[in-house]
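Notes for the one structure printed next.
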Amino acid sequence: MNYFLELIASFLAVVIVLTFHEFAHAFAAYRSGDPTPKWNKRLSLNPLRHFDPIGLVCFTLVGFGWAKPVPINPDNFKHYRRGLAFTASAGVIMNYLMAFLLYPLFLVVNRYLSVPVLREFLFFFTGFLFAYSLSFCVFNLLPFYPLDGFRIIEACSKKHGKVYQFLRKYGYYILLFLIVESFICRIFTNYLGVGIIGQTGYTVMRDLNILGWIMEFATKIFGHPITALWGLIPW
């Protein structure tokens, strides 16, 4: 029962986090003067309009992934660079705000709710919402196409030099490599464990999880202000 509830809660949290992330991009572009997201029916909270199959599978298996990029036409923006930067950063801002607002809900469920099955489900659900919102925010700041970090670089850089061209051309493949590498390392550390690969092998595979330790380090930094601020309240 625990695993079943956890699986449902995880999937629903992924759906909500991805949907609000992409809606934020669409809304920001629309408010900046571009009707393209609305024409493509992306100015919507319908999850089916935003899912990318590969990104969703990666998110489900590894905890990192992406949604279908919102189509925009920057030439329609009232202020080109301002609109591009606002649209590119809207998704990560939305996810960080979600993490900030959802963490106290997680604390309330953990502290006050006592109905067994409902408490267990909401504990998983609110916990995943907070964790996925934060991790998706950090993950999307990586400077690889098609993530938001690349779009922010694109919006802020006047000259698209060799580094930009490299990230634009190979960023997607670098991203897939990091996700696959992280997935393999997790298989060895989480499921095979010390008993099969030994303590040395376990440590090596854990340390080789490049994306994993980058995300763990970054989420602790990004998450600390949220947990510290809400921690001041005597729950």
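The values are calculated or read from the model by the stated rules, or taken from the named source; none is laboratory data. Just so you know, these numbers come straight off a predicted model, no measurement behind them. Neighbour counts run over all protein chains shown; Cβ positions are idealised from the backbone, glycine included. All accessible areas refer to the heavy atoms of the entire protein, side chains included, with ligands and DNA or RNA removed. Shrake-Rupley method; radii C 1.70, N 1.55, O 1.52, S 1.80 Å.
Order ASP75, ASP148 by their accessible area, 1.4 angstrom probe, all chains in place, largest first. Let's see the in-between values first.
Working: ASP75 125, ASP148 10 Å².
So, going from the largest accessible area down, we get ASP75, ASP148.
How much mean residue ellipticity at 222 nm does the chain get from its helices, if each DSSP H run of length 4 or more adds -39500 (n - 2.57) and you divide by all residues, to the nearest 500 deg cm²/dmol?
After summing the helix terms and dividing by residue count, I get -25000 deg cm²/dmol.
Give me the net charge of ASN73's neighbourhood, meaning all other residues with Cβ under 15 Å from the Cβ of ASN73; Lys, Arg count +1, Asp, Glu -1.
+3
Sorted from largest down, what three extents in whole angstroms do the Cα atoms of the chain have along their principal axes?
55, 42, 34 Å, listed from the longest principal axis down.
Positive end of the charge dipole of the chain (Lys, Arg +1 and Asp, Glu -1 on Cβ, about the Cα centre): tell me which of PHE130, ILE226, TYR30 has its Cα farthest that way.
TYR30
Over the chain, calculate the relative contact order: mean separation of alpha carbon pairs under 8 Å at least 6 apart, over the residue count, as a percent.
In percent, rounded to a whole number, it is 20.
For the pair HIS224 and ILE184, what calculated FRET efficiency results from E = 1/(1 + (r/R0)^6), where r is the Cβ-Cβ distance and R0 = 30 Å, to the nearest 0.05?
The value I calculate is 0.50.
Based on the Cβ-Cβ distance from LYS169 to LEU101, what FRET efficiency comes out when R0 is 41 Å, to the nearest 0.05?
Plugging the Cβ-Cβ distance into 1/(1 + (r/R0)^6) gives 0.60.
Please report the net charge: other residues with Cβ closer than 10 Å to the Cβ of ALA26, K and R +1, D and E -1.
Result for the neighbourhood of ALA26: +3.
Take ARG31 and LYS159, extend 7 Å from each Cα along the Cα→Cβ direction, and tell me the distance between the two endpoints in nm.
According to this spin-label approximation, the distance is 3.4 nm.
Less than 15 Å from a label point 7 Å out along the Cα-to-Cβ axis of ARG111: which backbone N atoms in the stretch 209-235 qualify, by residue?
Residues passing the 15 Å test: 227-235.
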